[in-house]
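These notes concern the structure reproduced below.
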Amino acid sequence: MNQEENQFIDVHNKGDKYSEDVHILNLDDRQIILIGTAHISSESIDLVRQVIEKEKPDCVCIELDEKRYKSLAERKKFTSLDLKEIIRKKQISTLLVNLVLSSYQKKLGAKLGVLPGTELLEAAKAAEENMIPVELCDRDVRVTLRRAWHNTSFLKKNYLLATLFVSLFDKTELTEEKLAELKSKDVLSELMAELGEAMPELKMVLIDERDFFLAEKIKAAKGKRLVAVVGAGHVEGIKNTLNTKHEFDTDEYMNDISTFPPVSKYWKVIGWSIPLVIICSLITIGLRKGGAEASANLMYWVLANGIPSAIGAVLALAHPLTIAGAFIAAPITSLTPVIGAGYVTAFIQVMAQPPVVGEFETVLEDMATLRGWWKNKLLKVFLAFLLPGFGSMIGTYIGGYEIISNLF
């Protein structure tokens, strides 16, 4: 692939100039006009429309997947959530992460006057107005989040969760100079580099894999002349991918990075071994010391799991049925890795105190205050998921330790 000069490219020899954020790439007999945007810059919005309207490409490629596109285009997306179905499919953790990220983006957008991703929507709108086909070229956001979580070590998982939680309550005021920096593509590139140094396994999923995915999807789009709109942090990675002849099977690699990661065999063994050890220990105690001793240990297991889980539901200010459900479910769910106590309590909470439309609409604002988590019924569902589940986990260790100790 021959790559033309990337800065201030002449268009159709008319003397019109684009900024250095526009990169003209020649790939065989095709031309790709790659626009690197800052996601939070009004200048990027204007640039995207300007390029699309002047170039009239055969196709416009956008750094969005179908779900993210709908979430940006349909601002009331949270009001249509089927919480019961989300809990059944065990996607409540993914929803919580998406809400946290959306809350941060909305807060940042309010400070900047531009909601993150607006330029991507503008690209789709400009293409539609000019009757140009649009290709959504990013990977499914659920796959990205799952792969990022799967590839992150246990300690760094906790670091990530703590960072996300703290970001919700960040009240730091941005200066004019900081706002200007945030709109710069150089800052984004530096952030990518810092991410790679601090957490290379996370950068692999969030940046490197998506660079490759985006490049291959752009290359697969129909047409001789394409405009591709992506975040500035992805530009160099996309260019390198397009400019590299890969020795591996790209189709196989694309399939690999497009699928949900399998559950680790290690965690499967751990998940099933704990209940197996507990059940075998209770049976052995019964055979050695009699049924009364086995019953006493079984009761200890029920109380050790049920009480902390119920306390968690109380701390969440959950419905009384949820508190009772936590006490009943925890001793049972702790003996199977198929479902956790938190999913049971979250489902009961949704049934007992379903969120109203207004709480869906204010959820992003309510997330930014501690009081909001207990006031908003949607957020209370998350508390009813997290706190009883954490209590059950504590109870499993306490009850398991006692039963195994009595075994010997």
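Quick look at the numbers
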| item | result |
| --- | --- |
| Qualifying positions in region 240-266 - loosely packed, with under 11 Cβ neighbours inside 10 Å and more than 19 Å from CYS137 (Cα to Cα) | LYS245, HIS246, GLU247, PHE248, ASP249, PRO262, LYS265, TYR266 |
| Candidates ALA193, ALA127, ALA123 - the one that is at pLDDT below 65 and farther than 30 Å from VAL381 by Cα | ALA193 |
| Boolean, PHE347 is of a type outside the set (Val, Ile, Thr) and either closer than 13 Å to THR322 by Cα or without any contact (Cβ under 8 Å) to a residue 60 or more places away in the chain (or both) | yes |
| Conditions (1) farther than 30 Å from ASP211 by Cα; (2) charged (D, E, K, R); (3) within 35 Å of the chain's Cα centre (by Cα); number of the one not met by LYS245 | (1) |
| Close pairs (6 angstrom Cβ cut-off, 6 or more residues apart or separate chains): under 17 Å from SER44 (Cβ atoms) in region 232-247, assigned to a loop (DSSP other than H, G, I, E, B) anywhere | ALA232/ALA38 |
| Among the candidates ASP140, ASP46, residue that is assigned by TED's automatic domain parsing to the domain that holds ALA232, more than 24 Å from THR259 (Cα to Cα), surrounded by fewer than 18 Cβ atoms within 10 Å (Cβ to Cβ) and modelled with pLDDT of 80 or more | ASP46 |
| Single residue of GLU247, GLU252, GLU236 found to be within 30 Å of ALA126 (Cβ to Cβ) and at pLDDT 80 or above | GLU236 |
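Here's the yes/no breakdown for (1) over 20 Å from VAL205 (Cβ atoms); (2) out of contact with any Cys (no Cβ under 9 Å at 6 or more places or on another chain):
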{"position": "VAL229", "(1), (2)": "yes, no"}
{"position": "GLY233", "(1), (2)": "no, yes"}
{"position": "ASN243", "(1), (2)": "yes, yes"}
{"position": "GLU247", "(1), (2)": "yes, yes"}
{"position": "PRO261", "(1), (2)": "no, yes"}
{"position": "SER264", "(1), (2)": "no, yes"}
{"position": "LYS268", "(1), (2)": "yes, yes"}
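The values are calculated or read from the model by the stated rules, or taken from the named source; none is laboratory data. What you are looking at is a predicted structure, and each value in this text was computed from that prediction instead of being measured. All Cβ positions, even for glycine, are placed from backbone atoms using ideal geometry, and neighbour counts span all protein chains on display.
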